[in-house]
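We did not get these values from a lab; they are worked out from the coordinates using the rules stated. As the structure is a prediction and not an experimental result, all values here were calculated from the model. Here the Cβ positions follow ideal geometry from the backbone for every residue, glycine too, while neighbour counts run over all protein chains shown.
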Amino acid sequence: MTLTPPAQTLVPSADALAPLKLPEELRLSVDQFVAVCRANPNAVLELDASGHVIHMTPTGSETGARNSTLLILLGLAVRASGLPVKLFDSSSGFRLPDGSVLSPDVSLVRQERWEALTPQQRRGFAPLCPDLVVELASTSDDGPRGLTALRHKMAAYQANGAELGWLLIPEQQAVEVWPATGAGEPQRIEEATSLDAGPLFPGVRIDLQEIWAP
């Protein structure tokens with residue numbers, strides 16, 4: 001499919017503050033998706049395996065604060081563990097083996113996998129699935145940040161090689177732990193107070209009380 005020329009912008013001017021609108025039937029290759037992202041640097045987009053563009057609306061303030069806390073806590077845990085891993089925030093996109101481009105809220109990639117990439121691959125959407133992925137569900141189940149959509153994302157991470165996934169559900173103070181492909185179904189932890197990534201990531205443990213706090 002050929003993209004429209006730059007004269008027909010996919011995103012209105014910043015002054016208009018209108019949402020991004022794309023035809024439902026639009027399907028893009030990864031290269032076309034990259035071109036769209038470059039032309040619309042203020043839009044937060046993902047690409048599913050079928051080539052459908054997913055427009056990620058901004059989070060609510062409460063969810064944004066929780067996401068920041070999550071990033072800080074996981075970063076401190078990684079530093080304390082001394083593990084050779086790279087930590088990524090929610091603005092980092094990854095090109096998964098199935099052709100999708102997804103951005104976990106927080107993720108870890110083992111250092112040796114990161115170093116195996118070329119400088120060009122590191123500057124773009126790294127062509128790999130993170131080893132540990134974490135998603136934080138919003139209050140509403142509607143849209144791409146809702147629980148239903150995030151479960152589809154977790155299944156995609158699992159199918160594309162993630163070793164471990166955590167889906168945090170603050171409204172229920174629960175966590176779904178998604179294992180690697182073939183290792184069984186997700187395990188739900190009710191009234192979760194902490195998470196431990198060992199033995200896959202020894203020493204990586206986070207307290208959830210700060211994240212659950214309103």
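A few remarks follow.
- Placed amide H near residue 188: partners under 5 Å, 5+ positions off or other chain: 177
- Between the Cα long axis of helix 30-39 and the first principal axis of the chain there is an angle of about 80°, rounded to the nearest 10.
- Separation of the residue 155 and residue 194 label points, Cα + 7 Å toward Cβ, nm: 3.3 nm
- Centroid-to-centroid separation of the range 136-214 and the range 39-110 [C-alpha atoms, Å]: 13 Å
- Average Cα contact separation per residue, the range 61-212, under 8 Å, 6 or more apart, as relative contact order %: 21 percent
- Between residue 139 and residue 40, the simple label model (points 7 Å from Cα in the Cβ direction) yields a spacing of 2.7 nm.
- Three-way shape call for the chain based on the alpha-carbon gyration tensor, with the a/c threshold at 1.5: prolate
- Taking the Cα centre of the chain as reference, the dipole from Cβ charges on Lys and Arg (+1) and Asp and Glu (-1) amounts to some 720 debye.
- Inter-site label distance for residue 89 and residue 177 at 7 Å from Cα along Cβ, in nm: 2.9 nm
- DSSP beta bridges confined to the range 61-212 are antiparallel in about 80 percent of cases.
- Each of 189, 211 has some number of other Cβ atoms within 10 Å of its Cβ, and from fewest to most they run 189, 211.
- Max mean-square fluctuation residue, GNM over the chain, Cα-Cα springs under 10 Å, options 204, 106, 133: 204
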